Amino acid sequence: MNIGDKVRLLHSKEEGIITRFLKDNVVEVEIEAGFKLPVLKRELAVVSKTETQFFKPAPVAAVNKPKETKPTIKADKGIFLAFVPVNEKEVSVNIVNNTDWDLPFALTLTTDRIHVGLAGGLINAKSYQKSSLDLLIKDMETWGSFSIRVLYFNNGPFDERPPLFKKLRIRANTWPNHKNKTPILERESYLYQLDSDDAEAIPTEKAEPQPKLVIDANKLKESMMAQKSVETLPKTYEKPAPMVDLHIEQLTKNHRTLNNAEMLELQMNTFLSKFEQAIASGMDDITFIHGVGNGVLRQEIQRRLSGHKNVAWFEDAQKEKFGYGATRIKIK
């Protein structure tokens, strides 16, 4: 049961479209009259797409009726960005259309000022399209921002809808929360709904009703008093390797798809992250291998180090081995 599915109310003859998932196993259903009703999941049945093939209405005499000027109810919501695991290290990017609309669309990935086209064209109703690029999960923080632009279209008359524009940045700390069964694809993926009103609209079949929270004022007071006497433990930081290789092929498998600006951005982000970890974990020194090349990366690193409050000094490291291709930093 997903957003955009057509359902029938078990205790009445009304049918409608699922538009939102609410709390406590309740979903919002838009019925033919245009009203939205909150209904328990157990009181709904999904209407099969093949139902009309076996239960056809009895023929009736032709009656002159005025031509319809408005379309019947449609599944207006249910557009997803789905990251489907290819293996343990990579995911494919898919646009899933679980609505009754045909969607002309464009999906791009933005890093700094560069836009990379991932997919575009037309996704028919109740279908999906896979992008041209698979992504490494370990590079998630450097993926950039996904931008999706969507138009709504159907043959014949329909009520005009404003275009959908969504910009999305994937975060590693919330990534596991989005694992779910994907509509149309019918398999597990990391699912982000692009046309939801709020984050709760992402379906979660595993969710169970939560017990009502009862607060005991006396216990809360005791707990707060006890916390004051507990010493705060120092935060621990992961210590990086004493020598970090910044060559682009060591940082990402997809370096052939990056331009020079994107490569430099990834290398500098890695340098800053490892340098901060070295400071926070109490290291005395750390060396970065940046290569000689055109000297841009070396200059940018040493520019950042100049005047840094945590740098005692820095120098070209192991010249006999790296020449001017490595920088050693003495940390205060």
(message) Counting other C-beta atoms within 10 Å, and keeping those with at most 15, which DSSP coil chymotrypsin sites (Phe, Trp or Tyr not before Pro) do you find in the stretch 101-163?
(response) F158
(request) Rounded, prolate or oblate: pick one for the stretch 84-124, where a ≥ b ≥ c are the square roots of the eigenvalues of its C-alpha gyration tensor, a/c under 1.5 means rounded, and failing that, prolate if a/b is larger than b/c, else oblate. (result) oblate
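Once the other residues with Cβ under 15 Å from the Cβ of L107 are scored (Lys, Arg +1; Asp, Glu -1), what is the net sum?
Details: positive: K130, R149, K166, K167, R169; negative: D134, D195.
Surrounding charge for L107 is +3.
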(request) Just list whichever of K41/K126; K274/K319; K89/K332; K89/K309; K253/K319; K179/K332 have alpha carbons separated by over 32 Å in the model shown. (result) K89/K332; K89/K309; K179/K332
(request) With label points built 7 Å along Cα→Cβ from the Cα atoms of R42 and D139, find their separation and express it in nm. (result) 4.8 nm
(message) Need one value: the accessible area of L251 in square angstrom, 1.4 angstrom probe, rounded to the nearest 10.
(response) 20 Å²
(message) Can you give the local net charge around E315? Use residues other than it whose beta-carbon is closer than 11 angstrom to its beta-carbon, Lys and Arg +1, Asp and Glu -1.
(response) +1
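The values are calculated or read from the model by the stated rules, or taken from the named source; none is laboratory data. From a predicted model like this one, the values you see are computed outputs, not experimental measurements. Every residue, glycine as well, gets a Cβ built from its backbone with ideal geometry; the counts of neighbours run over all protein chains shown. The accessibility values were calculated without ligands, DNA or RNA, using every heavy atom of the protein model including side chains. Shrake-Rupley method; radii C 1.70, N 1.55, O 1.52, S 1.80 Å.
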